[in-house]
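Read the structure below first, then the notes.
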Amino acid sequence: MARYTGPLCRICRGKGEKLFLKGDRCYTEKCATDRRKYPPGQHGQGYRKLSDYGTQLREKQKVRRTYGLLEREFRRYFYEAERRKGITGEVLLQLLESRLDNIVYRMGFASNRRKARQFVSHGHFLVNGKIVNLPSYEVKGGDFVEVKESSRDIPEITDSLSKAEHRGIPRWVEVDSADMRGKVLHIPSREEIQLPVQEQLIVELYSK
């Protein structure tokens, strides 16, 4: 599947805030967003006024880039959120948080979502005892996610897990670092989803 392969720091600088796309680097003084607090490009330091549409588009792109989705895939999530009960914007974020690659990242088994997607695609993780290699797999409350026995010596996984406390593990998941196993206690509420985004703007954008 096609994926964005350009510079990740450029995305964060364009949005004007950290999206933590490069994992541990985003927490250090090397973070490009901290060092250059202006958009990239020749006119990055000039004044830019966004229209209402531009503001809505920017919020949508921020969320889409954060979770590493293409436009068609992101649109499918929006339509699914519309179909389900609840507030569409909140349901959309809950669906995105329920992706297996995001769960792997939130539990600390990967330093960023891109790496988590790669680990899942290569079959390094089990869900309730069965190998799942679909990054988009929807994890439910009460599900167990663990590193496959033969994959527990992968340096990138062990190193990421050792730094997980520094990045922060959300309260809606429970992780046993020794057993390389975690449990999704429940699907997070909007207050528990640590994402600085106005999801209502995304709903307005797609509702036009």
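Applied to region 105-111, the Karplus parametrisation 6.51 cos²θ - 1.76 cosθ + 1.60 on θ = phi - 60° returns per-residue 3J(HN,Hα) values of 5, 4, 7, x, 6, 9, 6 Hz, with x for Gly and Pro. With a cut-off of 12 Å, note down the residues of region 111-146 whose backbone N falls inside the zone around a label point 7 Å from the Cα of Arg76 toward its beta carbon. It comes to 135-138, nothing else. Residues whose amide H lies under 5 Å from that of Val173, counting only those 5 or more places away or on a different chain, are Leu185; hydrogens are built 1.01 Å from N in the peptide plane.
Pairs over the 24 Å Cα-Cα cut-off, from the set Lys62/Lys148; Lys115/Lys163; Lys60/Lys148; Lys140/Lys208; Lys115/Lys148; Lys130/Lys163: Lys62/Lys148; Lys60/Lys148; Lys140/Lys208; Lys130/Lys163. The simple Förster model, with R0 at 25 Å and r as the Cβ-Cβ distance, assigns Leu134 and Glu156 a FRET efficiency of 0.80.
Close amide H partners of Lys148, meaning residues 5 or more places away or on another chain with modelled amide H under 5 Å apart, are Phe125, Leu126. Report note on the peptides 49-56, 141-148: ranked by the mean count of other C-beta atoms within 10 Å, highest first, their order is 141-148, 49-56. Here region 84-170 yields Rg over Rh of 0.99, to two decimals, using C-alpha coordinates and the Kirkwood radius. Across region 99-186, C-alpha contacts under 8 Å between residues 6 or more apart give a mean separation that, scaled by the residue count, equals a relative contact order of 33 percent. Rounded to the nearest Hz, the phi-derived 3J(HN,Hα) couplings of region 173-182 under the Karplus curve 6.51 cos²θ - 1.76 cosθ + 1.60 (θ = phi - 60°) are 10, 10, 10, 10, 4, 5, 8, 6, 9, x, where x marks glycine and proline.
Each reported figure results from applying straightforward, stated rules to the coordinates on display, with no laboratory input. These numbers come from a predicted model, not from an experiment. Don't worry about glycine lacking a Cβ; one is built from the backbone with ideal geometry, like all the others, and counts go over all protein chains shown.
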